[in-house]
Amino acid sequence: MHAPAKFVEKGLSWMANGLWYALQPFYRVAPNQSFTPNWSDRPLLKSGDKFKAPLGVPRETTSLCPTCTREARQRIVDGKAAPDLFIKEHAGEIPAHIIERDGKILMVKDCPTHGHFEDVLSTDPAFYKRLQELYAGTDLPVHADDGLHNHGLSSIRYGRGTVLTVDLTNRCNMMCDPCFTDANQVGFVHELPWDDIKAILDRAAAVKPRRQMSVQFSGGEPTLSPDFVKAVAYCKELGFNSTQAATNGIEFAKDPELCRQAAEAGLRFVYLQFDGVGNAANQHRRVANLFDVKLRAIENLHAAGVDIVLVSTIINGVNNEQVGRIVEFALENPKKISFISFQPVSFTGRDEDITDERRAAQRYTTAQLAHDIRRQAGIGEPLRDWFPISMLTTFGDWADLVHGSGVERGHLNCGCHPDCGAGLAVMIDKETKERVPVSAFLDGPQLVKDLAVINDAARGRFLSVLGMGVSLLRNYDPFMAPRRLRISDMLKKFDKAFGATGRDYGKVGKGRTLQDVQKRRSDSWLFLFIAGMWFQDLWTYDFRRTHQCIIPYGTQEGEISFCAYNTGVGWRQIVEKQHQTATLAQWYDKAGRHQIYTGGHMVPLSTTEHSLCLNPEALSAGQQHDLELAGVSKTAREEKIKARHAEHTHGDSATV
């Protein structure tokens with residue numbers, strides 16, 4: 001039996017539905033023109049003005065030949081050709097077709113020199129098409145960027161980006177697979193000096209549209225850079241509200257003082273590598289006590305006021321059985337885990353030279369992720385609860401409208417291609433741990449349609465906020481919501497996220513203190529977002545995705561799409577080689593060798609105590625052995641060993 005308050009809320013929802021239709025003349029008749037905010041040289045876009053890349057199946061796009069691209073890149077790295085080989089001569093570019101065949105969505109392409117290539121984009125055509133149907137379009141085109149995006153067909157063309165990634169160093173304190181940077185293996189050190197870090201951040205702060213965005217320091221391992229804390233502090237000085245570190249957590253686990261210093265400097269989130277529950281589930285990372293390290297890092301960081309995002313690279317046959325356990329870990333620890341970002345494996349870095357056999361065996365798609373979460377964790381209906389991350393762009397548009405033209409920066413905007421990222425939102429009661437997918441009690445697609453009407457009307461703050469409130473009420477089903485959730489809680493959650501009323505929920509920018517952190521954490525409800533960010537590789541590369549990338553890399557050669565930098569063209573290898581700090585010999589002679597944890601060794605920890613909730617069954621599950629049973633290598637290292645063994649065996653047979 002539902003509580004009486006739920007029946008009252010149901011009545012309010014019916015009334016709001018009637019009010020919505022009564023308000024339509026205010027929104028649909030003679031809409032206002034869009035204004036041009038201070039942070040842009042162009043007016044805000046209405047829904048019909050947004051660029052939408054060609055979608056649907058079948059369709060054509062431009063991709064890359066895996067072999068031609070690697071050959072051209074190596075010529076540039078070796079100094080035998082200039083970057084214009086990619087920028088102007090379009091090396092490696094070939095047409096590709098996206099088709100449906102045998103219950104899968106595939107990319108198929110042919111190179112005149114190297115033949116036929118194909119790979120899987122989705123294992124569920126209905127899921128794939130749903131994400132495309134909910135796509136809302138791009139943000140404003142890039143402008144006033146002073147040549148920051150000059151990378152040929154790889155150049156970012158739309159939006160400001162959501163997460164600016166800056167690699168402080170290519171050094172790392174681990175040596176594991178997979179690794180899209182091939183850390184510690186390239187033969188030289190590339191470590192940004194302070195002047196370059198500052199220049200990259202200064203340029204990022206000046207680009208238009210000048211939106212609020214997260215700045216994520218990465219590597220290698222960013223905490224190895226002597227300028228890590230200083231760089232975090234400078235982001236806060238520039239006015240960025242969200243600074244992050246993508247880390248394996250080792251230094252944070254070892255040193256609570258580093259956590260405190262980073263938090264005081266302005267570190268708000270840590271993107272913590274987290275590939276499974278239990279030390280056995282993390283053995284592919286080659287550190288014996290890696291899960292213990294994660295737990296200590298979470299405890300130290302949370303105590304210092306830094307929020308935790310679990311980042312899990314999922315490889316079919318290696319750790320796809322851990323998907324549900326990772327989700328359950330987050331659901332059971334809602335006061336300490338804020339977000340999960342699953343990243344289906346991208347074959348690049350150490351895994352770019354991969355056999356067709358291993359690539360087929362290890363490929364893992366966003367559709368598989370959605371179904372695995374449902375099957376393993378028992379939560380989330382793929383065709384109801386999952387949506388493209390770009391659907392959130394409509395909420396960012398609404399926030400821009402509400403805050404008006406005078407603010408210094410626009411709101412965060414996630415206008416990426418629907419093939420890039422998708423997500424599932426779960427509302428969790430932090431005390432009882434009851435959890436319900438938001439789409440079960442809030443009609444998200446209809447809410448977005450309503451917001452598009454409100455945004456296109458451009459009626460100003462009052463009618464925009466009123467319209468949002470009415471739409472939330474009419475699309476809310478209290479009978480399907482968590483038992484203790486009230487519509488007032490939902491309204492507060494949206495207000496907290498978008499700052500519509502100006503109410504103080506705890507600062508997130510300059511002047512933020514531990515008291516502000518605690519105030520924001522005092523919320524009884526966690527809106528847990530479970531994202532699937534599937535980065536491209538040479539076999540799945542689509543330049544149309546690159547054009548609207550929301551995760552640009554800030555480099556010494558401008559801002560480059562995540563996939564163009566790490567996979568695809570592979571600008572990382574070109575930029576780091578051009579701007580290398582020293583050869584390994586020179587670096588070791590000057591700075592000495594840094595500690596690398598590998599080969600099954602343990603990270604020394606002062607304690608392994610923690611207060612996190614763990615599932616004993618998940619802890620005892622052990623490693624996944626699918627690939628060994630199938631006779632398929634797990635890593636490039638294993639493939640090379642197997643190939644050498646086969647050569648020796650063949651040679652011995654020939655001698656006999």
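The values are calculated or read from the model by the stated rules, or taken from the named source; none is laboratory data. None of these values were measured; they are calculated from a predicted model. Because the Cβ atoms are built from the backbone with ideal geometry, glycine has one as well, and the counts that use them run over all protein chains shown. SASA here: full protein model, heavy atoms, side chains in, ligands and nucleic acids out. Shrake-Rupley method; radii C 1.70, N 1.55, O 1.52, S 1.80 Å.
Observations on the model:
- Cut-off under 5 Å, modelled amide H: who pairs with residue 174 long-range: 597
- Accessible surface of segment 497-656 [probe 1.4 Å, protein heavy atoms]: carbon and sulfur percent: 54 percent
- Descending principal axes extents, segment 548-656, alpha-carbon based, whole Å: 55, 54, 42
- D (Stokes-Einstein, µm²/s), Kirkwood Cα radius, segment 302-441, 1.567 mPa s at 4 °C: 75 µm²/s
- Difference of contour (0.36 nm per residue) and Cα-Cα distance, residue 521 to residue 108: 143.9 nm
- Reciprocal mean inverse distance between Cα atoms of segment 139-196 - Kirkwood radius, Å: 14.4 Å
- Largest-first ellipsoid semi-axes for the chain, taking √(5λ) over the Cα gyration tensor eigenvalues, angstrom: 39, 29, 27
- Hydrophobic, long helices, defined as DSSP H runs whose alpha-carbon span along the helix axis is 30 Å or greater and whose mean Kyte-Doolittle value is at least 1.0, do not occur in the chain.
- Size descriptors for segment 127-268: radius of gyration and Dmax over Cα atoms are 17.0, 48 Å.
- Using the Cβ-Cβ distance between residue 357 and residue 461 with R0 = 56 Å, the FRET efficiency computed as 1/(1 + (r/R0)^6) comes to roughly 0.45.
- Averaged over residues, the count of other Cβ atoms within 10 Å places the peptides 120-133, 162-175 in the sequence 162-175, 120-133, highest first.
- Solvent-accessible surface of segment 361-421, taken per residue with a 1.4 Å probe and all protein chains present: 28 Å².
- Disulfide-incompatible cysteines by the Cβ rule (no partner under 4.7 Å) in the chain: 172, 176, 179, 235, 259, 414, 549, 563, 613
- Each residue of segment 88-102 was assigned a 3J(HN,Hα) from its phi angle through the Karplus expression (A = 6.51, B = -1.76, C = 1.60, θ = phi - 60°), giving 10, 9, 6, 4, x, 6, 9, x, 9, 10, 9, 9, 10, 8, 6 Hz with x at Gly and Pro.
- Distance in nm between pseudo-label sites at residue 206 and residue 645 (7 Å out along the Cβ direction from Cα): 5.7 nm
- Farthest positive-ward along the chain dipole, Cα basis, beta-carbon charges - from 641, 278, 539: 278
- Calculated P(r) tail over 13 Å for segment 198-255, as whole % of Cα pairs: 62 percent
- When shorter helices are ignored and each DSSP H run of at least 4 residues is given -39500 (n - 2.57), the per-residue value for the chain at 222 nm works out to -11500 deg cm²/dmol.
- Distance histogram for segment 428-477 (every C-alpha pair counted, 5 angstrom bins, percent rounded to whole numbers): 5, 20, 23, 17, 14, 11, 7, 4, 0
- Stokes-Einstein diffusion for segment 79-130 at 10 °C, viscosity 1.306 mPa s, with a Kirkwood radius from C-alpha pairs, works out to 120 µm²/s.
- Based on protein heavy atoms only, segment 501-656 ends up with 52 Å² per residue of surface accessible to a 1.4 Å probe.
- Most to least packed among 513-526, 255-268, 530-543, 426-439 [average Cβ atoms within 10 Å]: 530-543, 255-268, 426-439, 513-526
- Distance distribution note for segment 488-624: the fraction of Cα pairs above 21 angstrom is 74%.
- Kirkwood Rh in Å, taken over all unlike Cα pairs in segment 216-321: 14.1 Å
- Kirkwood hydrodynamic radius computed over segment 363-477 comes to 15.8 Å, based on all pairs of distinct alpha carbons.
- Taking the average, over residues, of other Cβ atoms within 10 Å as the packing measure, peptides 140-148, 364-372 rank 364-372, 140-148 from highest down.
- Dimensions of segment 347-420 along the principal axes, based on C-alpha atoms and rounded to the nearest Å, stand at 56, 34, 16, largest first.
- Probe 1.4 Å, accessible area per residue of segment 32-105, Å²: 53 Å²
- Rg(Cα)/(2.2 N^0.38 Å) for segment 501-563, N = residue count: 1.73
- Measuring between alpha carbons in the structure, the pairs from 104/129; 10/519; 294/496; 430/519; 198/236; 50/449 lying more than 19 angstrom apart are 10/519; 294/496.
- Cα point-scatterer Debye curve for segment 1-138, base-10 log of I(q)/I(0) at q = 0.17, 0.21 Å⁻¹: -1.06, -1.16
- In the chain, Cα pairs under 8 Å separated by at least six residues give a relative contact order of 22 percent.
- Loop sites in segment 564-656: GluC sites (Glu not before Pro), DSSP, at most 14 other Cβ within 10 Å: 609
- Paramagnetic reach from residue 60 in segment 98-121 [backbone N under 13 Å; point 7 Å along Cα→Cβ]: 98, 110
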